[in-house]
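Contents: one structure, followed by commentary.
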Amino acid sequence: KVTDEQKLGIPGVIVKEKGTTNLTSTDNNGNFSIAVLSDQSKLTFNYIGKRMQEVIVGNQRIFNITLEEESRTMEEVLVIGYGTQSREKLTTSVSKLDMKVLENVPLANVASALQGTLPGVRVQSTSGQPGAAPRVIIRGGTSINNPNGAAPLYIVDGIIRSDLNNLNSNDIESLQVLKDAASTAIYGSRGANGVVLVTTKSGKAGAVQINYGYDLGISTLQKKYSMLNARDFIYYQRMGIAARADQDPSQLVKLGLATSGGAGNDLTNKTAYTTQYLTPANSYKLNEGWDSMVDPTDPTRTIIFKNTDFQDVLFSTGKTNNHNLSVSGGSEKAKFNLGLGYLDNEGIAISTDYKRLTLNMNGELQATDNLSVFGRVLYSNMRNTQVFGKESDMFGRSLALASTAKFTYEDGSLAPGLGATIGNPLYYESTIDAKNSTDNLTLSVGGKWNITKDLNFIPQVSIYQVTDDNRSFQGAYYNGPASYIDSRVASGGYNKTLQHQADGVFSYHKTFLEKHELEAKLGFSYFQTEKSSLLASGRGAASDLIPTLNGSAVPVSVSGLESQLRIMGYFSRINYNYLEKYLLSFNLRYDGASNLGDKKWGFFPGVSAGWNVHKEAFWSSISDKISQFKLRASYGVNGNIGQLGYYDAQGQYSVGAQYNGAAAVQNTALSNPGLTWEQSKTLNFGTDLGFFKGRVNLMLDVYRRVTDNLLTNMSLPHSTGFASILTNLGSLENKGIELELSGRVFPQSSAFGWNISLNAAKVKNKILELPNNGIPFNRIGGDYVYNPKIGDYAWMGGLQEGGKPGDIYAYKQKGIYATDEEAAKGPKDTMVPLADKTKYGGDVNWEDVDGNGLIDSRDRVYVGNIYPEWTGGFTNTFNYKNFGLLVRFDYTAGHVIYNYTEAASVGQFQGENGLSSTVLRSWKKQGDITDIPRFYWADQQARSNLFRGNSHYYEKGDYLALREVTLSYVLPQAILNKLKISQLRLNLSGTNLHYFTNYVGQNPEDGGTDNGRYPVPRTIVLGANLTF
Amino acid sequence: CTKTLELDPISQISNQSFWKTENDATGALNGMYVKLRTQAAGNLFAWGEARSEVMDRSLGGTAGLQVFFLNELNRSNVGVSAANNTINSTWQGMYAAVHAANLLLKKTPQISFSSENNKNQILAEAYAMRAYAYFVMTKTWGDLPLVLEPTEGSNPDVIMKERSSKVVIMTQIKADIDKALGLFPDNAFKNGRNMWSRPAVNALKAEVYLWNGKVMQGGQDDFRTALKAIEEVEKSDVVLLDKYESVFDYTNKGNKEILMAVRFQDIESSDNVFMNMYIDNSYMNKNTDQTTKDLIGVLGGLPAFTISKLVRDQFSVDDQRRNATFIEIYAPVNGVNTFYGSVVSKFSGTVIGGARKFYDDIVLFRYADVLLMKAEAQNALSLDPTAAINAVRKRAYGVNFPVHTYVNQSVVENDKAILKERLLELTVEGKRWWDLVRFNKAFELVPSLAGKPLDNNLLLFPIAETTLSLEPKVKQNLGYN
């Protein structure tokens, strides 16, 4: 019997008599039997993800084999481009995902599994919409213009994709990330940003296995915005209006309007808010749950109101149901695998969800002695619903709908709130009818032809098709109480991406004189993708009954687009080692792409070498302590055209606009026939260390990547009439260090198992070169501010040579003036948006950086950078008897977030939004010492204490996330036998449990401006996995 | 194998494939007007009127626009306007129109046309556009980089330009106007009057020469040239409509008073700057009387700025233009009907599907404007300007015209009257600031300039920080740091 560390029988383990073709595999319980030639035979036990074991048969007849998790040891087998390689012989930088991450929690997007689990891979969840793809950036990315768009190349079963969306994590057998240029050189043209290689599950020889898994998940909001309730809101809103009247008495009229804090509302359907003066006619509302308060601006009057927490309206508990069924098995001649999955993932924002149906079906047949063929189908259908309008409107503005807004009118119908972008979520969600459906289909066939014992040929041809059909219909709605919009805008679209790919690889593998091992590959690749779309929109339907376009009376627009891209390549890899001590590897690729200018072909070589020091004779004295010591070095050149449009080199005259009903053609992009490959050169040094016979393993990589000929949008002078031109002028350096550590705390023999794995990565980006534009440091954009270092004004930030992208500048809040007298002594503030620039107590005391007595745009200071420097994570797994516990953290540090939502709800930028509870500690009277300025209604019109960009609201995004905790239990065999099932594993998991962070907003993961994002939900999952 | 990699675009036009047929040129011509429309949406108003005494904050605050009417412009606040999307006052958009014109001027001559007239018409419109764009820009910034060739690459030796003096710019404008006038096949308007025509270019010519005569000290010859151009305008199919308000009627676009207007319309354009001068529900006072509510109709837009009290009060109650220009909103406060706010009604757009859409055409030239330029030129030549002034007043006051009939006075008084007539006639049509500069009255009449150094450089706009950061050879205007 073969089991894992949790005593769970492992089905499908290949048991082989070494040196023969005699093999079998374990059944569902992990049992096997095999007839061997002699007692001297050795049996090997092989299972992906487990460390290979070898035993001598001897006189034993019953074997109880425990296969260990493959920690980051030398035996680990890695899928690399067009082949596999053992960690022992690897000379490049490749990280492999610990499959435990995929075991417990149903991930709507597989890329989320990379978060904090692989060093040097930055993954940021920017939206909690179910199924939303997180951002994945490897080693800082190679882009200057759009560092957040430098996505890696994704390859699933040899087939290139643009993302991992709609892939079922249960279908995944392994996932690895190729990081250095030598490893990605085999994908030459597109490898610069790293390559994510995914292999899906396929049939294995052995008994048929049937597995069913079910997860039930409950998702909830992690953290609410802390907002004022209606009573406090009315108090501050009215005092804020009154404060405005200090400088502008006409503002007082607002106290009587039908606004969030104004008392001019009534009980009719004509006003959006509940706030109103108490009258005999409306006093009965006080018996219906309304509240009253003294008008803070006129103590003789009473205001009544009703409090509604619109966060409670928008957020609800989301349920997730996930079913997976797999059947696989076969003989040495024929293998088959079927995986079916259905995920229904409700979001925590009302009426948002993600539904995914997946199929993974494949088979392989040994057609003749030297030829096998295979066919694979990978299919998914995804449907989702998203929030009304833009995410930032829903989660930044509507979420902050003032708590005094009416939830329903007197007649019980839903009230709309202020309007569509700041509205009652429940009302607006009820007015849309949308469908969003995506099919991903992969069909591939291929084979393996063993031409001789040492030489084989593996061809694969595939079709990958993504089709997306969607429609949306905006029913008639009230845009605020007074405006009834019945244009009933409808739209429909159909997008198709059809990709053809053909690859063929000759492989030669031979060991000479038992010392020299040579592996050589030669292959070609053809890739073509064709995009087409049809889009139309209309309006003017007579009623809300038909959500499709045929209901529209007025056609508004039509569009249809087609485009094509073709990339061809030839590649080769030669691996050589001498006694597995000295390792050498060459990767070459010669690629041509249709979207480049006149020079279409590029050559991308990679070379790497390694030395297994521990295999040297001199090492044996310390090999029990330091069991493994390998040194690696690699250098390679990659290409990249990832951000280049299909026809960008040719310039563009675009169509679609009209003037007076006639078609207009506009020159929208300048041609640049010289556009060519970006070239990324990476030098990587690494070491793999194993201590105490593999109980502790350490991998360390340092690298420097320089990307030249960057496809960079060079900003053009405004007098050219263009914003930019795409050029190859630019050079970016990413320098970093990556560390991966894993260890077993207790020895293998201990009943209690505790494994730790940890990874950390730091990356620094630096712009080396920019297109020559005659400006010092060839700067593009930036801020003209006083630089105290040089004692003069200078252009800072933007993009400039020697700098880094993403620097932000803002006005530095030194403090809040406690009194008018103190304020009068301060510098003159030219940014006060009124004719009178006098400063008062409660205003921000800005740092006058240049000391000229004036606060203006040149007084901004550096407040941080939007890109993180540190990423990583750590995982603890514990095993005791049938119980397992996994605790996984990840962290990101170094990025700064402009908490716009907080600034806006302290400064009341919108005018009618809810207010942050931070306002409670705002300056109120002469002498107050605080860090929050006096509350004025609409700060940007009053003092611009916040609106101009106040350093106080540029917050560090550093966080540590408790990403997953899982408690699992494997039912004992005795019980299972009674139930007539072979295995049952139960798990209780929590994901996204908590962010440890000082960031005040909801999601600290992404740098830059936080205008409001769909919060990442906390999910509790109960899962069961059953094998028959 | 390289052949396999040569793919032509399917759904877009590349540089190689364009500029082959007459239709290509027509499409590009339409594209040139789309560029102009982007500027007409807000920038033309920002440059031409927002700094004048006409504008003041409105009920919804300022949306960052106070930097204009408070005359607080500086390098960092002029290139961005925080809370509205119609104004982005760098010169990039104007140069986009210049580029479109330059392309037409370079490529059209190589194309064979079915008739020479069609080709000349296109070239004439391109010259006209270039002249207009440079004129707007030189009025706004003074000296300018002079770009007469289409942008075709990024060679810094070609694209990095110093500013040419405004004298050089004016010379180019005049030359382009003459070329345009020579090329227009006839004196007719295109359907809709929303593209350049010979009469429209003559109106432009009149303004250019008035500017040259007054601001650039060109002298009497310029006024004579302006007057001549106006005579040419008057030979075309243009009249004063009987009713002032029908000139701006949404359903009466391209009427016979219009010489040139930039077309805004449903589906093809977005709202223009007038959305910032109306009122939406959150700022409306529901205690206002029903008559006012009916006048305002469907609410919409965002009240960021509006016509100042100073200017509203200059309209006499018997002036028909008053009600056609703005609506004042009164509401009872403690029983007393009190002024609450005002909105601009002249360009209040239309209502589509229940929503107010600010799709009025932006009028660049209309006959009443030309008539007042005529009076201005005449007065500058010490000729009697009363006929032209009274033509405008007659329509404005209708039966009350006799009490408002203008009688010839001194040159100074006449100028004062003409400037005021332009204020009343052309309110919010994007002319006032430039009128104030041309009559050299900005410091006198704009309250927010009071106390500012009497420095004529302040009459120019600062060059935006974003522009300076990309064009190192361009130096900031004097008076701005």
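Per-structure values
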| read-out | value |
| --- | --- |
| Positive minus negative residues near B:PRO9 (Lys, Arg vs Asp, Glu; Cβ under 14 Å) | -3 |
| Using a Förster distance of 51 Å, the FRET efficiency for B:THR2-A:PHE752 (Cβ separation, nearest 0.05) | 0.20 |
| Whole-number D in µm²/s for segment B:424-465 (Stokes-Einstein; Kirkwood sum over Cα pairs; 4 °C, 1.567 mPa s) | 114 µm²/s |
| Lysine pair number, Cα distance threshold 26 Å (strictly under), segment A:828-960, separation 8 or more or different chains | 8 |
| Neighbourhood charge, 15 Å Cβ-Cβ cut-off, centred on B:MET55 and excluding it, Lys, Arg +1 and Asp, Glu -1 | 0 |
| Distant alpha-carbon pairs in segment A:230-309 (separation over 18 angstrom), percent | 35 percent |
| Of A:LYS179/A:LYS764; B:LYS190/B:LYS228; B:LYS309/B:LYS420; A:LYS766/B:LYS475; B:LYS139/B:LYS174; A:LYS630/A:LYS735, pairs whose Cα-Cα distance is over 18 Å | B:LYS190/B:LYS228; A:LYS766/B:LYS475; A:LYS630/A:LYS735 |
| Radius of gyration and maximum dimension Dmax of segment A:886-1028, Cα, Å | 23.5, 79 |
| Spatial extent of segment A:111-168: Rg and Dmax, with the Cα atoms as the point set, Å | 11.6, 33 |
| Per-pair calculated FRET efficiency, R0 = 25 Å: A:SER430 and A:LEU920 via Cβ, rounded to 0.05 | 0.15 |
| Those lysines that a straight Cα-Cα span of less than 18 Å connects to A:LYS254, excepting residues fewer than 8 apart in one chain | A:LYS270, B:LYS286 |
| Computed lengthening from A:ILE626 to A:LEU371, 0.36 nm per intervening residue step minus Cα-Cα distance | 87.4 nm |
| Chain B, dipole about Cα centre (Lys/Arg Cβ +1, Asp/Glu Cβ -1), debye to the nearest 20 | 200 debye |
| Globularity ratio of chain A, using Cα Rg and 2.2 N^0.38 Å | 1.04 |
| Calculated P(r) of segment A:686-737 - Cα pairs past 14 Å, % | 69 percent |
| Using alpha-carbon coordinates, inclination of helix B:386-397 to the longest axis of chain B, degrees | 60 degrees |
| For segment A:819-874 versus segment A:1-63, the gap between their alpha-carbon centres in whole angstrom | 71 Å |
| Extension gain from A:THR302 to A:GLN60, taking 0.36 nm per residue of separation minus the Cα-Cα distance | 77.9 nm |
| Two-decimal ratio, segment A:1-68, of alpha-carbon radius of gyration to 2.2 N^0.38 Å | 1.01 |
| Among B:GLY27, A:ILE160, A:GLY853 the positive-end extreme of the charge dipole of the protein assembly as shown (Cβ point charges) | A:ILE160 |
| Candidate lysines for bridging to A:LYS335, where Cα separation is under 23 Å - those fewer than 8 sequence places away on the same chain excluded | A:LYS1, A:LYS16, A:LYS18, A:LYS50, A:LYS201, A:LYS204, A:LYS448, A:LYS453 |
| Virtual spin-label span in nm between A:THR21 and B:TYR480, 7 Å along Cα→Cβ | 8.4 nm |
| Degrees, to the nearest 10: B:220-234 long Cα axis against longest axis of chain B | 90 degrees |
| Charged-residue dipole, Cβ positions (Lys, Arg, Asp, Glu), segment A:466-619 about Cα centre, Debye nearest 20 | 260 debye |
| Computed accessible area, B:SER282, all protein chains, 1.4 angstrom probe, square angstrom | 20 Å² |
| Signed unit charges on C-beta, dipole axis of chain A, positive-most listed residue A:ALA1024, A:THR548, A:LEU631 | A:LEU631 |
| Spherically averaged projected area in nm², based on the convex hull that wraps the Cα atoms of chain B | 26.2 nm² |
| Inter-site label distance for A:LEU518 and A:LEU535 at 7 Å from Cα along Cβ, in nm | 5.5 nm |
| Cα-based reach from B:LYS452 at 13 Å (exclusive), listing aspartates and glutamates while leaving out same-chain residues under 8 positions away | B:GLU72, B:GLU444 |
| Probe 1.4 Å, all protein chains present, accessible-area order of A:TRP449, A:TRP795, largest first | A:TRP449, A:TRP795 |
| A:ILE1020 accessible area, 1.4 Å probe, all protein chains in place, Å² to nearest 10 | 80 Å² |
| Summed residue charge, Cβ within 11 Å of B:VAL474's Cβ, Lys/Arg positive, Asp/Glu negative | +1 |
| Pair B:ASN337, A:THR819: separation of 7 Å Cα→Cβ label points (nm) | 4.9 nm |
| Heavy-atom surface of the protein assembly as shown, accessible at 1.4 Å and reported per residue (Å²) | 37 Å² |
| Signed unit charges on C-beta, dipole axis of the protein assembly as shown, positive-most listed residue A:ALA669, A:GLY81, A:TYR526 | A:GLY81 |
| Those GluC sites (Glu not before Pro) in segment A:448-531 that DSSP places in a loop and that have at most 14 other beta carbons within 10 Å | A:GLU514 |
| Exposure of A:LEU221 as accessible area (Å², to 10), given a probe of 1.4 Å and all protein chains | 40 Å² |
| Segment A:168-195-segment A:243-261 distance, computed between alpha-carbon centres (Å) | 60 Å |
| Apportionment of accessible area to carbon and sulfur, chain A, percent (1.4 Å) | 58 percent |
| At R0 = 56 Å, FRET efficiency that the Cβ-Cβ distance of A:ASP39 and A:GLU562 yields, to 0.05 | 0.25 |
| Angle between chain A longest axis and helix A:230-245 axis [Cα atoms, degrees, rounded to 10] | 60 degrees |
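The values are calculated or read from the model by the stated rules, or taken from the named source; none is laboratory data. This is a predicted model, so every value here is computed, not measured. Quick reminder, even Gly has a Cβ in these numbers, built from the backbone with ideal geometry, and neighbours come from all protein chains shown. For the accessible areas, the whole protein counts, side chains as well, though only heavy atoms, and no ligand, DNA or RNA atoms are used. Shrake-Rupley method; radii C 1.70, N 1.55, O 1.52, S 1.80 Å.
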